[in-house]
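**Student:** The structure is given below, and queries will be raised subsequently.
Since every read-out is calculated from the coordinates, none of them should be taken as a lab result. None of the values given here were measured: they were computed from a predicted structure. Every residue, glycine among them, receives a Cβ derived from its backbone with ideal geometry; neighbour counts consider all protein chains shown.
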Amino acid sequence: MKVLQTIAGFGVLYGGIATCTYDLIRAMRNIGFPLDLLTLDVRNPVDRLISKGEDWIKILPNDSVTPYEYSKGIAQYLKSKEYDLYHTNGLWMYCNHITCSMARCKGKPYIITPHGMLYPNALHRSYWKKWPLIQLCFRKDIYRADCLHVTCKAEMEHLRNFGYRGAIAIIPNPANLPDYLEEITLAKSILLGCNLPKKFGFLGRLHPIKKVENLLYGMAMLPHLQDCELVIMGKGDKNYEQFLHNEVKRLDLKNVTFKGFVSGREKYDQLARLSCLFLPSDSENFGMIVTEALSVGTPVMASLGTPWAELNTTGCGWWLDRSPENIAHIMQSVIEMPTPKLLAMGDKGRQLVQEKFTSAQVARQMQQLYEWLGGNGKKPECVYE
């Protein structure tokens, strides 16, 4: 069975969509299911492709034009190559539409992974740009899809509200766990025993929807600021970054550090140094950083706009409203928490990742979905019709 995934951008600056697409395909190839990825080369001189030269990544010269990123090269490739199933990542770009359109022309099944782009708040951002695209092509692309892939039940409900009545597969993003995690996790237990100030953190794209300022407001409520520090990791909207810097100065927070973009081992090292990771976003259709933090034994507080109720039920973190008051309460609780209890929460988080989110587990679920859509298997349990 030949499968092609497509994505409009595959650079580091494209964010979590590109990362989880890469992790999923690599995981599927590791279990013996080959598939290709089609994308355009990066154009921004400070960007770089998320790849290590793999031959299954079909990188075309970036000939895109207009904000819709029309690409003659993408269209020619799809027209000239034959696959049994097509799977596109994201919406609103020409790459996504032409993948769906070409699959229909060839009489082949296709899947769309919206990556949260049909959440109401995401849909309403720049709606004046999206509405014509919905009317011209994307409503048809979505409604005629053989399956939509989401990462949680909340996202499935939003797709139903959008009007889609076909099959929906709920498959989480894979936790791509590097070999050096055990070494990092061991160092974490030693670090937490050193009686240092508790370190809190945020890691992700800096954008107003992430509500990072709530961490600043929560920290400002703490009675003894010398007991903790806050590390903000990531890059993004320059105006928002400046706003955060200005708020730090206004609140006179001396213990806030901006680390910029981190990746690879440095990312996991930084996550392991945290006593708690905070994800106060308006919404997340998954939140890959949660599994990454849990994998190194770091508890997580995630907002109700994320699909992480399991943080409460498994005892490896907190899933609650992201108000500054709640954030301050969690920070103070972690500051006062004995080290053995904090390490026990971390162990529960690592166990959750191992039980549900490893790359091999997620890859097998996607393989079953592909085989079912290709007529070679029974309907997977993760599919809702």
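**Student:** Return the whole-Å distance between the Cα centroid of region 147-163 and the Cα centroid of region 220-248.
**Tutor:** 34 Å
**Student:** With a sphere of radius 11 Å drawn around the Cβ of residue 117, what net charge do the other residues whose Cβ falls strictly inside it have (Lys, Arg +1; Asp, Glu -1)? Could you put the intermediate results ahead of the total?
**Tutor:** Numbers: positive: 125, 130; negative: 155.
Spelling it out: positives minus negatives among the neighbours equals +1.
**Student:** Which Cα, out of 123, 302, 339, lies furthest along the positive dipole direction of the chain (beta carbon charges, K/R +1, D/E -1)?
**Tutor:** The residue sitting most towards the positive pole is 123.
**Student:** Counting only C-alpha contacts under 8 Å and six or more residues apart, can you give the relative contact order of the chain as a whole percent? Please list the in-between numbers first.
**Tutor:** Working: 696 pairs, mean separation 62.1, N = 385.
Relative contact order of the chain: 16 percent.
**Student:** Which of the following values of Cα extents along the principal axes in Å was calculated from the structure shown: (1) 64, 40, 40; (2) 82, 54, 34; (3) 72, 44, 34?
**Tutor:** (1)
**Student:** Sticking with this one: Relative contact order of region 181-356: what whole-number percent is it, with Cα pairs under 8 angstrom and at least 6 residues apart? Don't jump to the answer; show the numbers that get you there.
**Tutor:** Values: 304 pairs, mean separation 45.5, N = 176.
After rounding, I find 26 percent.
**Student:** If neighbour count is taken as other Cβ atoms inside 10 Å, put 345, 337 in order from fewest to most. Provide the component values of the computation, followed by the final result.
**Tutor:** Numbers: 345 24, 337 17.
Going from least to most buried by this count: 337, 345.
**Student:** I've got another one for you. How many percent of DSSP beta bridges within the chain run antiparallel, rounded to 5? Could you put the intermediate results ahead of the total?
**Tutor:** Working: 4 of 46 bridges.
The antiparallel proportion sits near 10 percent.
**Student:** Quick one: which residues, 5 or more positions from residue 60 or on another chain, have an amide H under 5 Å from its amide H? H modelled 1.01 Å from N in the peptide plane, none for Pro or chain starts.
**Tutor:** Excluding prolines and chain starts, which carry no amide H, the hits are 39, 40, 41.
**Student:** Taking the number of other C-beta atoms within 10 Å as the exposure measure, put 335, 112, 31, 17 in order starting with the fewest. Walk me through the intermediate numbers first.
**Tutor:** On the way: 335 17, 112 28, 31 13, 17 20.
Starting with the residue having the fewest Cβ neighbours, the order is 31, 335, 17, 112.
**Student:** Alpha carbon centre of region 307-385 versus region 1-66: separation in Å?
**Tutor:** First find each Cα centre; the distance between them is then 26 Å.
**Student:** Give me the net charge of residue 133's neighbourhood, meaning all other residues with Cβ under 13 Å from the Cβ of residue 133; Lys, Arg count +1, Asp, Glu -1.
**Tutor:** On the way: positive: 129, 130, 139, 140; negative: 69, 141.
Taking every other residue near residue 133 into account, the sum is +2.
**Student:** Here's something else I'd like to know. Could you tally the net charge around residue 243, taking each other residue with its Cβ under 15 Å from the Cβ of residue 243, Lys/Arg +1 and Asp/Glu -1? Walk me through the intermediate numbers first.
**Tutor:** Working: positive: 205, 210, 211, 235, 238, 249, 250; negative: 213, 237, 241, 247.
Taking every other residue near residue 243 into account, the sum is +3.
**Student:** Now a separate question. If neighbour count is taken as other Cβ atoms inside 10 Å, put 300, 334 in order from fewest to most.
**Tutor:** Values: 300 26, 334 22.
Starting with the residue having the fewest Cβ neighbours, the order is 334, 300.
**Student:** Further question: Kindly write out, for region 245-260 in residue order, the coupling ³J(HN,Hα) from the Karplus curve 6.51 cos²θ - 1.76 cosθ + 1.60 (θ = phi - 60°), rounded to whole Hz, with x marking Gly and Pro.
**Tutor:** 4, 5, 5, 4, 5, 4, 7, 6, 8, 7, 10, 10, 10, 9, 8, x
**Student:** Roughly what angle does helix 324-336 make with the longest principal axis of the chain, taking Cα atoms, 0 to 90 degrees, to the nearest 10?
**Tutor:** For 324-336 against the chain, the angle is about 60 degrees.
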